[in-house]
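Just so it is clear, none of the values below were taken in a lab; they were calculated from the coordinates. In this text the structure is predicted, and so the values were computed from the model without any measurement. Counting neighbours? That spans all protein chains shown, and the Cβs are built from the backbone with ideal geometry, glycine included.
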Amino acid sequence: MPFLDCRALTFRYEDMRMRFDLAEEAGACVAVIGPSGAGKSTLLALVGGFEQPDSGQILVDGTDITAWPAAERPVTTLFQDHNLFAHLTAAQNVGLGLDPGLRLSESQRRDVAEALVQVGLAGFEARLPAQLSGGERQRVAIARCLVRRRPILLLDEPFAALGPALRNEMLDLVDALRRDAGLTVLMVTHDPADAARIAERTAFIANGEVVTIDETRRLLASDDPAIRAYLG
């Protein structure tokens, strides 16, 4: 049984009717590529609970979570805008992943400290976002995802604004954390190099549906005219 199973999810946006079918095993890293407006971010929004499908099901480890509110789903999402609060320290920004009121127990404070260690920010607990580099701010956002301990991580182009070296550093960090924690990762990207770097499989989405999904190497080398037109 797939760990993440999107079954005949339909969603209408303006005049586009989308339908998604996607089934992945636990611990997989799957890239989602395709033209702008094809429905990539919509698929993530449906899995994350930020949008509700018109029909279909989302199952996680056999449990139907289709109607669950976003906050209760076994999912966390990292967006391009890392959404750190300027007046809060790195530790406090991470702690928001556990309690929006920051009423943390001693155990939760230890979890925050451990998450910062995991992303390479030990000793940065008291720093404000303005005292951090762009890469360090992204690491804080990743730590906030980690501390929630949700088994599915959705990446909606979180590193799109970063330069190539820092982008690769963040991708490698996510990949290492995925392997350590057994996370299932679904990553929307416009850059096929991101997929080639860390995704075992890649889904190509066009016109609101998953056209094909395959091993990343094979999909990026495909002779399919739509994929070739997208890749250039």
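Within the range 3-23, at least one residue is among the polar types (S, T, N, Q) and outside any loop (DSSP other than H, G, I, E, B).
Considering the range 101-138 alone, what residues qualify as being assigned to a loop (DSSP other than H, G, I, E, B) and among the hydrophobic types (A, V, I, L, M, F, W, C)?
So in the range 101-138, the residues assigned to a loop (DSSP other than H, G, I, E, B) come out as 101-105, 119-128, 132-133.
Once the filter is applied, which keeps residues that are assigned to a loop (DSSP other than H, G, I, E, B) and among the hydrophobic types (A, V, I, L, M, F, W, C), the range 101-138 yields 102, 104, 119, 121, 122, 124, 126, 128, 132.
Is it the case that some residue within the range 139-152 is part of a loop (DSSP other than H, G, I, E, B), without any contact (Cβ under 8 Å) to a residue 40 or more places away in the chain and not charged (D, E, K, R)?
no
Criterion applied to 128, 104 was being of a type outside the set (Phe, Trp, Tyr) and surrounded by 16 or more Cβ atoms within 10 Å (Cβ to Cβ), and the one residue passing it is 104. None of 78, 98 is touching a residue at least 12 places away in the same chain (Cβ under 8 Å) and assigned to a loop (DSSP other than H, G, I, E, B) except 98. So, in the range 26-59, exactly how many residues are of a type in the set (Gly, Ala, Ser), over 12 Å from residue 190 (Cα atoms) and out of contact with any helix residue (DSSP H, G or I) (no Cβ under 8 Å at 6 or more places or on another chain)? The number of residues fulfilling the criteria is 6.
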